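Student: First, the structure itself, so that you have it in front of you.
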There are 2 protein chains.
Amino acid sequence: MTWLDLPAGTGFGLDNLPYGVFSTTGTAPRTGVAIGDSVLDLAAATGDDVHATGSLNAFMARGPQAWADLRAQLTEWFTGGAHRSTVEPHLVPRSEVTLHLPVEVADYVDFYSSRHHAENLGRMFRPDSAPLTQNWKHLPIGYHGRAGTVQVSGTPVVRPSGQRKAPTDDAPTFGPSQRLDIEAEVGFVVGTPSELGRPVPLAAFDEHVFGVCLVNDWSARDLQSWEYVPLGPFLGKSFLTSISPWVVPLAALQAARVAPPARDVPLLPYLDDSDAEPWGLDIAIEVRLNGQLVSCPPFDLMYWTPAQQLAHMTANGASLRTGDLFASGTVSGPAEDQRGSFIELSWGGTEPLTLADGSTRTFLTDGDTVTLTATAPGASGGRIALGEVTGRVEPAP
Amino acid sequence: MTWLDLPAGTGFGLDNLPYGVFSTTGTAPRTGVAIGDSVLDLAAATGDDVHATGSLNAFMARGPQAWADLRAQLTEWFTGGAHRSTVEPHLVPRSEVTLHLPVEVADYVDFYSSRHHAENLGRMFRPDSAPLTQNWKHLPIGYHGRAGTVQVSGTPVVRPSGQRKAPTDDAPTFGPSQRLDIEAEVGFVVGTPSELGRPVPLAAFDEHVFGVCLVNDWSARDLQSWEYVPLGPFLGKSFLTSISPWVVPLAALQAARVAPPARDVPLLPYLDDSDAEPWGLDIAIEVRLNGQLVSCPPFDLMYWTPAQQLAHMTANGASLRTGDLFASGTVSGPAEDQRGSFIELSWGGTEPLTLADGSTRTFLTDGDTVTLTATAPGASGGRIALGEVTGRVEPAP
């Protein structure tokens with residue numbers, strides 16, 4: 001059906017077609033589409049300058065009809081042989097490209113939508129209270145993060161310094177974080193902006209959201225636990241957030257849509273998706289530490305869907321901009337090997353993991369590399385890949 | 001000394017020279033400098049395209065030498081008569097201009113640096129705990145806000161809707177905020193970016209910060225109190241943040257520098273400004289409701305200075321971008337008429353204010369207009385103006 005010679009089991013088949021920004025030696029960053037082991041140079045193949053800007057933003061801003069049109073054109077180009085001679089010259093081996101931050105991030109919001117993660121953190125951070133705060137099942141809790149430190153996969157993770165204070169210390173000290181952690185998350189990228197004062201209802205989710213990436217929201221737990229009361233996380237998170245270079249179009253995830261878990265309390269109308277086609281997503285994440293699989297967080301168990309997150313984020317009239325990124329919050333399932341952070345995997349550092357090389361870990365050690373990958377059901381019956389987001393920990397300067 | 005016919009007591013004399021973005025009917029937004037009752041069209045007067053971009057960002061990115069050079073040139077132009085014939089044609093009456101958002105805001109951070117405000121809020125939000133959290137005197141608490149909803153003075157304040165839940169309610173309800181409030185703050189605009197992984201020390205504050213504006217961080221207290229545990233304020237703040245249109249260069253505030261209040265606990269070295277020229281600032285703010293003066297918050301009593309805020313914000317290696325905006329947090333003094341928010345002025349709604357027209361207020365009513373203005377000592381012995389930030393409350397749609 002396609003003239004492309006796709007590797008068996010590739011997650012980058014015709015049912016995926018994710019967008020990214022790439023360059024080759026001596027050329028400027030431009031938009032590409034991953035297909036098999038290649039990248040299609042969209043700037044060259046389409047002749048459209050929107051793909052030569054060095055970020056996806058200008059194309060994303062064109063809106064859902066333009067997204068659908070280009071996806072249809074790509075499918076046509078790669079199917080049958082009619083376009084092979086014009087398209088094939090614009091394929092570049094993925095092994096030869098450098099991948100860049102795909103999106104110029106406008107605002108970055110991080111949610112907290114895994115019930116298992118929130119319960120685990122609640123038990124550790126607030127042992128004397130109920131694990132879930134009273135509001136948790138009524139609204140998707142979220143907060144703004146630092147957009148300027150969202151970087152592409154591969155960016156070194158320099159161990160941050162900051163104030164730490166153990167409960168037994170009299171006063172805080174300043175120094176390198178001793179509890180450097182990950183948060184395995186899924187991120188959603190806004191294409192179509194919205195007007196100030198106009199909430200985006202659940203049903204308009206796919207008119208505004210362009211696509212999906214993987215997010216590692218690196219976290220310094222010692223900085224975070226000292227600073228976060230009463231206004232939330234700040235320096236414990238703002239040193240780096242890494243995202244995968246390939247943004248998978250929402251259209252590629254139609255086969256991954258599932259119902260979210262049953263809700264325990266009635267939802268207010270603007271969040272009630274019980275009569276709608278739900279936006280739970282069957283995305284299977286894998287977390288590897290130095291190549292070893294340590295966790296398999298299941299995104300389909302997330303209590304709040306991205307459509308509910310978007311509806312909530314705009315319920316007060318807050319506007320969206322092209323390039324807004326909102327992430328799910330750490331994805332954790334009920335099982336120990338489904339936890340999306342090391343603070344959960346090691347239960348606050350009290351239960352170290354033993355790795356295959358015999359070493360143990362609670363939090364991250366200098367030199368550690370963490371890689372997140374994920375797959376989801378594709379339209380053709382196989383699984384599509386969300387790419388990967390990776391980072392290696394470097395010592396504090 | 002100057003050929004300009006400046007109004008007596010103008011806050012926009014030669015010792016101020018704030019930058020903004022303006023347009024006149026049928027012309028594109030461009031950079032201007034406020035002088036007396038006029039605006040100097042910088043794009044036309046300098047012929048430099050950096051001033052024709054519609055925001056200050058490109059000029060701010062040039063760095064402190066360029067800022068100093070232009071300020072010196074402006075002073076020369078307005079002093080003596082040599083340049084009058086070339087400069088005067090580019091003066092536009094301020095009454096004829098429309099002012100725009102001066103800065104394309106990159107990241108927006110809001111601090112919480114008034115001890116009196118933090119104590120007041122602590123007493124109201126957490127009556128069973130000490131008013132200041134344990135960390136408050138060790139670090140300037142802050143959090144990220146929504147950059148995309150920072151708007152210029154005059155933008156209508158549409159009453160936001162959201163989830164509210166009184167302690168006596170069984171479940172939250174959704175509807176227009178019943179506790180719409182202001183926060184009178186001072187904002188600092190970053191010009192020079194910094195590298196990821198490189199903290200900005202106290203002494204480098206004025207190499208990175210371009211100037212100062214007034215900020216009204218509109219707040220829906222009922223939304224905020226229900227949502228903010230454990231990750232901080234979100235929708236209670238993200239519907240709108242208004243800033244004054246004129247950005248006063250840091251150079252104009254040298255005469256306003258004062259020592260901050262004595263600190264109660266020793267500070268870690270990266271925050272310790274006891275041996276440095278301090279960056280406390282004697283800025284006197286006035287809050288007017290429908291024209292009536294209701295509060296005079298004193299910025300010189302802020303516990304944490306903007307230099308400490310910047311050093312803290314980057315201590316973990318977080319980078320700065322041109323256009324980053326960080327605000328002080330609500331400015332409140334110890335006296336009742338020095339409180340920078342209505343939740344403080346009305347003590348959580350329990351002690352209504354009586355206005356000159358005989359009406360009372362706890363929180364804001366539809367149709368109310370709130371205006372913040374401020375002045376500071378200028379180099380020539382008078383006071384310079386920080387302009388104003390105003391907004392009128394419109395009913396929920």
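Readers should treat all values here as calculations from the given coordinates under stated rules, not as data from a laboratory. Quick caveat, the model's predicted, so the values are computed rather than measured. Virtual Cβ from ideal backbone geometry, glycine too; neighbours counted across all protein chains shown.
Student: Taking Cα pairs under 8 Å and at least six residues apart, what relative contact order does chain B come out at, in percent?
Tutor: Reported relative contact order: 22 percent.
Student: May I ask you to evaluate 6.51 cos²θ - 1.76 cosθ + 1.60, the Karplus curve with θ = phi - 60°, for each residue of region A:245-259 and list the ³J(HN,Hα) values in order in whole Hz, giving x for glycine and proline?
Tutor: Coupling constants for region A:245-259: x, 9, 9, 7, x, 4, 4, 7, 9, 4, 6, 8, 5, 9, 6 Hz.
Student: Here's another thing I want to ask about it. So if we plug the beta-carbon distance of A:S274 and A:E336 into 1/(1 + (r/R0)^6) with R0 = 41 Å, what FRET efficiency do we get, rounded to 0.05?
Tutor: 0.85
Student: Restricting to DSSP loop positions (anything but H, G, I, E, B) with no more than 12 other Cβ atoms inside 10 Å of their own Cβ, which chymotrypsin sites (Phe, Trp or Tyr not before Pro) remain in region B:211-248?
Tutor: Hits after loop and neighbour filter: nothing returned.
Student: May I pose another question? Go through region B:111-117 residue by residue and turn each phi into a ³J(HN,Hα) via Karplus (6.51, -1.76, 1.60, θ = phi - 60°); whole Hz please, and just put x for glycine and proline.
Tutor: These are the phi-based 3J(HN,Hα) values: 9, 8, 9, 8, 4, 5, 5 Hz.
Student: By counting other Cβ atoms within 10 Å of each Cβ, how are A:S341, B:S194 ranked from fewest to most?
Tutor: B:S194, A:S341
Student: Let's test the formula: R0 of 45 Å, r as the Cβ-Cβ distance of B:Q178 and B:D49. What FRET efficiency results, to the nearest 0.05?
Tutor: So the FRET efficiency works out to roughly 0.40.
Student: Point me to the residue of chain B whose C-beta lies closest to the B-onto-A rotation axis, rounding the distance to whole angstrom.
Tutor: B:G232, 1
Student: Only Lys, Arg, Asp and Glu count, each charged at its Cβ (+1, +1, -1, -1), so figure out the dipole size of chain B about its Cα centre, rounded to 20 debye.
Tutor: Using only the charged Cβ atoms, the result is roughly 420 debye.
Student: Using unit Cβ charges (K, R positive; D, E negative) and no other charged atoms, how large, in debye to the nearest 20, is the dipole of the protein assembly as shown about its Cα centre?
Tutor: 300 debye
Student: Which value at 222 nm does chain B reach when only helices count, each DSSP H run of 4 or more adding -39,500 (n - 2.57), with the total divided by all residues and rounded to the nearest 500 deg cm²/dmol?
Tutor: Computed ellipticity for chain B at 222 nm equals -4000 deg cm²/dmol.
Student: Separate question: Which distances, shortest first and in nm, link B:D275 to the matching position in the other copies, using label points set 7 Å out along Cα to C-beta?
Tutor: Between copies, matching label points for B:D275 lie 7.0 nm apart.
Student: Something else now. Mind listing the label-point distances from B:Q254 to the same position on all other copies, shortest first, one decimal in nm, points 7 Å along Cα→Cβ?
Tutor: Counterpart label points of B:Q254 in the remaining copies fall at 6.6 nm.
Student: In a shell of Cβ-Cβ distance under 12 Å around B:S38, excluding B:S38 itself, what net charge do Lys and Arg (+1) and Asp and Glu (-1) give?
Tutor: -4
Student: On to the next question. Quick one: label points 7 angstrom along Cα→Cβ at B:G26, distances to the other copies in nm, smallest first?
Tutor: Label-point distances to the other copies, shortest first: 5.1 nm.
Student: A further question on this structure: Enumerate the amide H contacts of A:V150 below 5 Å, restricted to partners 5 or more residues apart or on another chain; note that Pro and chain-start residues carry no placed amide H.
Tutor: Under 5 Å from the amide H of A:V150 lie the amide H atoms of A:T241, each far enough along the sequence or on another chain.
Student: Among B:I283, B:L364, B:A376, whose Cα projects farthest towards the positive end of the dipole of chain B, with charges put on the beta-carbon of Lys, Arg (+1) and Asp, Glu (-1)?
Tutor: Checked the options; the winner is B:L364.
Student: Next up: Expected output is a single nm value to one decimal: the length gained when fully extending between A:A66 and A:D170, i.e. 0.36 nm times separation in residues minus the C-alpha distance. What is it?
Tutor: Gain in length upon complete extension: 31.5 nm.
Student: Got a sec? How would A:K137, B:K237 order by Cβ neighbour count within 10 Å, fewest to most?
Tutor: In order of increasing Cβ crowding within 10 Å: A:K137, B:K237.
Student: Be a star and scan region A:10-24 for residues whose amide nitrogen sits under 14 Å from the point 7 Å along the Cα-to-Cβ vector of A:S380.
Tutor: Within reach of a label on A:S380, which here means backbone N under 14 Å from a point 7 Å along Cα→Cβ, region A:10-24 contributes A:10-18.
Student: With +1 on each Lys and Arg Cβ and -1 on each Asp and Glu Cβ, how big is the dipole of region B:90-203 about its Cα centre, in debye rounded to the nearest 20?
Tutor: About 200 debye.
Student: Report the GluC sites (Glu not before Pro) located in region A:72-154 that are in a DSSP loop and have at most 12 other Cβ atoms inside 10 Å of their Cβ, or state none.
Tutor: Counting only loop positions with at most 12 other Cβ atoms within 10 Å, none of the GluC sites (Glu not before Pro) in region A:72-154 qualifies.
Student: How far, in degrees from 0 to 90, does helix A:64-78 lean away from the longest principal axis of the Cα atoms of chain A, to the nearest 10?
Tutor: 60 degrees
Student: Could you please report the charge total around A:G333, scoring K, R as +1 and D, E as -1 over all other residues with beta-carbon less than 12 angstrom from its beta-carbon?
Tutor: Spelling it out: positives minus negatives among the neighbours equals -3.
Student: Using amide H atoms built 1.01 Å from N in the peptide plane, name the residues 5+ places from B:G387, or on other chains, whose amide H lies under 5 Å from its own.
Tutor: B:A374
Student: Tell me, how many Å apart are the Cα centres for region B:86-164 and for region A:315-367?
Tutor: Answer, in whole Å: 32.
Student: Under the rule of at least 5 residues apart or a separate chain, name every residue whose amide H is placed under 5 Å from the amide H of A:A106.
Tutor: Counting only residues 5 or more places away or on other chains, the set is A:D324, A:L325.
Student: I would also like to ask the following. Only loop residues by DSSP count here, and only those with at most 11 other Cβ atoms within 10 Å; note down the trypsin sites (Lys or Arg not before Pro) in region A:250-291 that meet that.
Tutor: none
Student: Mind giving me the nanometre distance, one decimal, between the label points for B:L6 and B:T350, set 7 Å out from Cα along Cα→Cβ?
Tutor: So the two model labels end up 4.8 nm from each other.
Student: Convert 20 °C to kelvin, take the viscosity as 1.002 mPa s, use the Kirkwood radius over C-alpha pairs of the protein assembly as shown as Rh, and evaluate the Stokes-Einstein diffusion coefficient in µm²/s, rounded to a whole number.
Tutor: So the translational diffusion coefficient is about 78 µm²/s.
Student: Can I ask one more? Taking B:K137 as the anchor, which lysines have their alpha carbon closer than 28 Å to its alpha carbon, excluding any fewer than eight residues away along the same chain?
Tutor: Those lysines meeting the cut-off are A:K165, A:K237, B:K237.
Student: Return the FRET efficiency for the residue pair B:R126, B:R84: r is the Cβ-Cβ distance, R0 is 51 Å, and the value is rounded to the nearest 0.05.
Tutor: Efficiency, from the Cβ-Cβ distance: 0.25.
Student: Can you work out the Karplus-derived ³J(HN,Hα) for every residue in region B:360-367? Use 6.51 cos²θ - 1.76 cosθ + 1.60 with θ = phi - 60°, whole Hz, and x for glycine or proline.
Tutor: For region B:360-367, the Karplus curve yields 10, 9, 9, 9, 7, 9, 3, x Hz.
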